[in-house]
Amino acid sequence: MLTGGCLCGACRFEYGGEVGPANYCHCSDCRRSTGGAFNVGVRLDADGFRVLRGAPRAFTKQGDSGNRLSRHFCPECGSPLFTSSPRHPRWVFVKAGALDDPAAVKPSYESWVSSKVAWARIPDGLEKFERGRVA
Ligand SMILES: [Zn+2]
Ligand SMILES: [Zn+2]
């Protein structure tokens, strides 16, 4: 059983079933909606996916692929939670970072590398801190 939720705890979900492939998506919509370099999504069967608490809001937009995608997020804290598409009603694509155990996901491919930003890859040799850097 996979579990996950948003930053503030208002939205919680669970999943029982086979965990599908996970990917990095470099499309500009994913970049903008996550605020990061890319999205990491994992494909789950809609049948086994259940929102336990809260009422995620959805924003629907046609992506670069031409598919209409609904991005679901917590209305309280704004955390991205999962994506659905009427073209693929059997699946939901959960944001890997929303999982309680992100190690359950092992991304196996990259999409939309044509719009990948240079800083999506962390260069070798950057100074590293076990915890946050102090000022
Ligand atoms: Zn929240
Ligand atoms: Zn994308």
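Accessible surface calculations at 1.4 Å, restricted to protein heavy atoms, place the chain at 64 Å² per residue.
Straight Cα distances below 22 angstrom link K61 to the lysines K95, K116, with same-chain residues fewer than 8 positions distant left out.
To the nearest 20 debye, what is the magnitude of the charge dipole of the chain about its Cα centre, counting +1 on the Cβ of each Lys and Arg and -1 on the Cβ of each Asp and Glu? If you can, show how the numbers build up before the last one.
Numbers: 19 positive and 13 negative charges, 79 e Å.
Once rounded to the nearest 20, the dipole reads 380 debye.
For GluC sites (Glu not before Pro), the sites in region 28-135 that DSSP calls loop and that have at most 10 other Cβ atoms within 10 Å are E127, E130. One Cα centroid belongs to region 104-130, the other to region 1-57; the line between them spans 19 Å. Surface composition of region 37-135: carbon and sulfur atoms hold 52% of the protein heavy-atom accessible area at a 1.4 Å probe. Overall, the ratio between the Cα radius of gyration of the chain and 2.2 N^0.38 Å, rounded to two decimals, is 1.09.
The values are calculated or read from the model by the stated rules, or taken from the named source; none is laboratory data. All values derive from a computational prediction rather than experimental measurement. Note that we place each Cβ from the backbone using ideal geometry, even for glycine, and neighbour counts take in every protein chain shown. Remember, those area values only see protein heavy atoms, side chains included, never the ligands or the DNA or RNA. Shrake-Rupley method; radii C 1.70, N 1.55, O 1.52, S 1.80 Å.
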